[in-house]
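Data first, discussion second: the structure below is written as structure tokens.
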Amino acid sequence: MMPRLRSARFETGLIVGCVVLLAAACTAGPPVAIRADQIVDNLDSTRTFVRPRIQGEAGHLRIGQGIPGACRLFGMEGYLKEYVKWSLDLGEAVPVSEDGQVGEARLGRYIEAITCTPKRSHVPRITVESKSEASDGSVTVTGPRVHHGPEHFPILSGHAGACQLLGYAQKVEYSLEWSSGPAHGVSLTLSGRIYERASGTYLTALGCKQKP
């Protein structure tokens, strides 16, 4: 079963509201209008579209297949599979091809929410509570949080990856400080991508620098 979005997580982004977009550039046929009941601008530059629908002559058509095509109609290039929410009930819905063409309606599950990315290759964003710079150019940050779609997480591991997301080339050895208790968080690759979600103690402070 696909993971379900928790609405409380939307508090980290800007809720835009009901929007109708007319997508003509990415389709070969006539313009296709797509809308969502709610659009949330997330801190990592992704956007979450709640109850996306195609606006047709017969009314608003729910989307049953074609997440990449739906994101393209919204002007985005990719999507985060972790935040696709499907309906529990069956209903009439249309498929959307990758180039934005709309097919015939059929009975099935439909999309309740999707999170689309501005580029196909997406990396999360990191925010911190505070940042201080030393005389040697290194920095120490506290309270790092990784923002990924509508959610945000503490960092369980991945010091070097966190520095990459902060715009620094190197980590400062022996600069880590850890929480006293566990929480649900993420581990990062060297490039700053999320490769695991788990529970454990997390980083409360870390150091980064530009030069070895």
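Observations on the structure shown:
- All positions within region 176-192 that are surrounded by 16 or more Cβ atoms within 10 Å (Cβ to Cβ) and over 12 Å from Ala160 (Cβ atoms): Gly185, Val186
- Residue match in region 162-169 (condition: over 26 Å from Ile39 (Cα atoms) and surrounded by fewer than 16 Cβ atoms within 10 Å (Cβ to Cβ)): yes
- Residue match in region 124-134 (condition: acidic (Asp, Glu) and either farther than 15 Å from Ala205 by Cα or touching a Leu at 6+ places or on another chain (Cβ under 9 Å) (or both)): no
- Lone qualifier among Lys171, Lys211 - being among the charged types (D, E, K, R), farther than 27 Å from Thr48 by Cα and modelled with pLDDT of 95 or more: Lys171
- Residue within region 65-81 that is crowded, with 18+ Cβ neighbours inside 10 Å, part of a strand (DSSP E or B), of a type in the set (A, V, I, L, M) and at pLDDT 75 or above present: no
- Residue match in region 90-101 (condition: among the acidic types (Asp, Glu), assigned to a loop (DSSP other than H, G, I, E, B), in contact (Cβ under 8 Å) with a residue 12 or more places away in the chain and not assigned by TED's automatic domain parsing to the domain that holds Ile194): yes
- Within region 35-50, being part of a strand (DSSP E or B) and among the charged types (D, E, K, R) holds for Arg35, Asp37, Asp41, Arg47.
- Restricting region 86-103 to residues that are within 22 Å of the chain's Cα centre (by Cα) and surrounded by fewer than 18 Cβ atoms within 10 Å (Cβ to Cβ), the residue that is farthest from Ser121 (Cα to Cα): Ser87
- Leading residue by the ranking (modelled with the lowest pLDDT) among those in region 39-64 that are surrounded by fewer than 17 Cβ atoms within 10 Å (Cβ to Cβ) and not charged (D, E, K, R): Ala58
The values are calculated or read from the model by the stated rules, or taken from the named source; none is laboratory data. This structure is a prediction, so every number in the text was calculated from the model and none was measured. So basically every Cβ, Gly included, is an ideal-geometry build from the backbone, and we count neighbours across all protein chains shown.
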